[in-house]
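Heads up: the structure comes next, in structure tokens.
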Amino acid sequence: MSEKIPEKKSKNISEHSSEKYPENDFNEYSAEIGYSVLKKWQQQGIASEILPPLIHFGKEYLGFTKIVTRIEKNNIASIRLAKKNNLKILICQAAEQTNS
């Protein structure tokens, strides 16, 4: 069952605001977006196709004025994609992987 796309929101969108991160000067019009693609699906343009509509939806329908993303410093492809889509990039350390 698909939901109807909501009408554009006014600038009073506190019900849609992201958790506040003081170091990022987030406010009630800010959001954080993340994306992850399984290894076998990487380098096929999937994130490049899905990211622009998500950003558009967040800005036009939810009223976000700032969208940021956290990316590991060695993830060059994601950094390039974020820059192409004018996202504010927060560089983070690579997560440790465990073999389970």
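Each value in this text was obtained by applying a stated rule to the coordinates, not by laboratory testing. Fair warning: this is a prediction, and the values are worked out from it, not measured in the lab. Counting neighbours? That spans all protein chains shown, and the Cβs are built from the backbone with ideal geometry, glycine included.
When the range 60-96 is filtered for residues that are out of contact with any helix residue (DSSP H, G or I) (no Cβ under 9 Å at 6 or more places or on another chain), aliphatic (A, V, I, L, M) and surrounded by fewer than 15 Cβ atoms within 10 Å (Cβ to Cβ), the ones remaining, listed by number, are Ile76, Ala94, Ala95. Count of the range 41-51 residues, restricted to those that are within 13 Å of the chain's Cα centre (by Cα) and either of a type in the set (Val, Ile, Thr) or surrounded by fewer than 13 Cβ atoms within 10 Å (Cβ to Cβ) (or both), is 1.
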